[in-house]
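The values are calculated or read from the model by the stated rules, or taken from the named source; none is laboratory data. Quick caveat: nothing in here was measured; it's all calculated off a predicted structure. Note that each Cβ is placed from the backbone with ideal geometry, even for glycine, and that neighbours are counted across all protein chains shown. What goes into the accessible areas is simple: the full protein's heavy atoms, side chains included, and nothing from ligands, DNA or RNA. Shrake-Rupley method; radii C 1.70, N 1.55, O 1.52, S 1.80 Å.
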Amino acid sequence: MVTKISKLGQVIDLSKCIFNKRRELIDLGMNYGFLNEKTIQCSQDLDKLINLYMQGSNTTRYRFYSI
């Protein structure tokens, strides 16, 4: 599990966030279309989460902590 510590000290499970954001993206795409501004923004948010996850996987094998 790759986690991140938010600025407020909350532990965030990135894999859960990615799963939820992916579901949201699918719903938005089906309801509004793939070129809709909401869908595109959600896709960009998902990209950011995946990048954080990948950084954490490369930094340490199990956990990623942010300052």
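Rounded to the nearest 0.05, what FRET efficiency do E24 and Q55 have when you use their Cβ-Cβ distance and R0 = 30 Å? Display every interim value, and only then the final one.
On the way: r = 22 Å, r/R0 = 0.73.
Efficiency at R0 = 30 Å is approximately 0.85.
Of Y32, Y53, which has the most accessible area and how do the rest follow, probe 1.4 Å?
Of Y32, Y53, the descending order of accessible area is Y32, Y53.
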Just the accessible area for M30, please: 1.4 Å probe, Å², rounded to the nearest 10?
150
Take F34 and K48, extend 7 Å from each Cα along the Cα→Cβ direction, and tell me the distance between the two endpoints in nm.
2.3
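I'd like the Kirkwood hydrodynamic radius of the range 9-54, using the inverse of the mean 1/r over distinct C-alpha pairs, in Å.
Working: mean 1/r = 0.0918 Å⁻¹.
Result for the range 9-54 stands at 10.9 Å.
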